[in-house]
Amino acid sequence: MICRSVVETLLSTTSRALQEKHKEQFRRRSRTVLFHLARLLSDLHFATSRFGIEGFAAWRDVMSDIAEWAAKNEKDDKLFADDLVKELTPTYDAPFVESNPVVKSRLLFYLTLSRSLMRHLTPKTVVDLVLPRATPYLAYRRGPGDTCCDGTPADDEDKDLFEMSHALIVRVFEWGPRFREPVKEIAEWYIDLLLENFPDPIDFDLLRRCFTFTIKALSTLSSAGHTSISLSNEIDEDQDGGEDTIGGREVLREDDTSTKSGNEESDIVAERGQLVDRGTADQEEEGDLLALACIAKLLQKIHQAQNNRNSDSDVGFARRGSSSGPESRLLDILAAAPKPVVLHLVREQFCIVLFDQIRTVSLLSLEGLLDAIRWIMIGGNPPALWVAFNGEADGGEMVGLGLASDPDSSSLWKALFDGVSGGRGVDYTRREICVKWYLRVLREARENCRVQRDGGIVPLHKVEGKGMGDLPAGHPLRARL
């Protein structure tokens, strides 16, 4: 409460009036006070972390006020955020997983503060200081066979560091136009990390959210019109009520526009727009290519699971730790399940992540993505997206996953419908293209299934169906156009 009162005083009207008389002196002293407060909060974070990764209300207010002070004084003190982060940077070098609980709590505060000040940090500080402290925990688990761990079970601090590290990476992607070069360098590496460490320790919810956010960030690098990134709109609103969560737990979002004034929100959007406008045509194209390259990696995982080419260690639910809870019990059950069952579950979850990207890729990349999804659902020759990043020889024919069951009752087709119908933030042009495409693919799948039932050979040609004649009255898609 004392820290909160001090920071609020620095931001109050009285302080601003005093600042006009002794502007530079007041700014320097305020800067020193905030440095001491941050150091104090870091030392006491071992107690604050007991309230959860978000802390408590007064603590969150202090963090927000520090970020607000940095924003209001950025013109006069551009290096405040950088200097504050440098002041609190842990002394050890990554990659290293800390075992001391007090040091871990200070590291958690450091990552939380860095995430709070992300929009004010320079790319050099993020690359040299912040990311190296977060990367050891992105795929972190404690168990036998893990080179950086001692085999003891993960504690609450480890789990908080795991979740905050992913939240911090997401924040870097959120400000992708500001960190254009770092984003381009780590995007494919981060996607590989998510896919290779699924489902333990990366669960389905975390994979779905972080993959979607990464693709949208890369697409934002290619579109000046997409200046504001919101992760909660990309996943079904019914799943989490629109909250900003990582790993199923709510994460502090200090720049949430619901807590900002209209002018400050406009400044943020304008800043993002200016940063995007600086990109050249080549840089814009590179953002789209990176997004498609990441999607191609997901296609490869789906193709491998479908063709049963991977070992259990690659796509199976192998237990690597000794944690407890519903998720670990599920992993224990699936670890004993037959390999085809495991592959089927992994494949369908990868497909759902793929369908989510219909709402995130740029319009220029949408056609290539839809062709790839049709290949997954109907089969046939590899699409251009696969050939471009994997080579045609490695793809071959693919048996459509959407033909394994009736399209009108299949859960996979239901997931595709949810991806096509979309929610908030989907423009009319995208929705019109996707709905018409969905009708054509659905008609083709029905025709193929009918031929299969009749004992014939499944045709793999495209059916140019138009209109909505194949849909029964009252079908939800009829209301989408």
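The values are calculated or read from the model by the stated rules, or taken from the named source; none is laboratory data. The model shown is predicted, which means the values in this text are computed figures rather than measured ones. All Cβ positions, even for glycine, are placed from backbone atoms using ideal geometry, and neighbour counts span all protein chains on display. Protein only, heavy atoms only, side chains kept; ligands, DNA and RNA dropped before computing areas. Shrake-Rupley method; radii C 1.70, N 1.55, O 1.52, S 1.80 Å.
Inside segment 112-131, residues that are hydrophobic (A, V, I, L, M, F, W, C), more than 17 Å from the chain's Cα centre (by Cα) and open to solvent by less than 10 Å² (accessible area, probe 1.4 Å) make up a count of 5. Answer yes if at least one residue in segment 417-433 is modelled with pLDDT of 90 or more and not charged (D, E, K, R), and no otherwise. Yes: one or more hits.
For segment 371-408: of the residues being within 15 Å of residue 297 (Cβ to Cβ) and open to solvent by 80 Å² or more (accessible area, probe 1.4 Å), which is modelled with the lowest pLDDT? Looking at the filtered set, the residue picked out is 394. Quick one: is residue 157 touching a Gly at 6+ places or on another chain (Cβ under 7 Å), closer than 15 Å to residue 111 by Cβ and either open to solvent by less than 40 Å² (accessible area, probe 1.4 Å) or not aliphatic (A, V, I, L, M) (or both)? Considered against the rule, which asks whether it is touching a Gly at 6+ places or on another chain (Cβ under 7 Å), closer than 15 Å to residue 111 by Cβ and either open to solvent by less than 40 Å² (accessible area, probe 1.4 Å) or not aliphatic (A, V, I, L, M) (or both), residue 157 comes out as no. Taking segment 25-128 as the region of interest, the helices (runs of 4 or more DSSP H) fully inside it that hold 3 or more residues being under 27 Å from residue 178 (Cα atoms) are 57-72, 80-88, 101-116.
Can we say residue 411 is loosely packed, with under 15 Cβ neighbours inside 10 Å and modelled with pLDDT under 80? No, not satisfied. Residue 335 satisfies every condition listed in (1) modelled with pLDDT of 90 or more; (2) open to solvent by 10 Å² or more (accessible area, probe 1.4 Å) except (1). Listed by first and then second residue, the pairs linking a residue in segment 99-128 that is within 20 Å of residue 75 (Cβ to Cβ) to a residue that is of a type in the set (Lys, Arg) and open to solvent by less than 10 Å² (accessible area, probe 1.4 Å), with Cβ atoms under 6 Å apart and 6 or more places separating them unless they lie on different chains, are 118/171. Within segment 414-452, being surrounded by 14 or more Cβ atoms within 10 Å (Cβ to Cβ) and acidic (Asp, Glu) holds for 418, 444, 447. Kindly indicate whether residue 46 is at pLDDT 80 or above, of a type in the set (Phe, Trp, Tyr) and open to solvent by less than 10 Å² (accessible area, probe 1.4 Å). The answer is no for residue 46.
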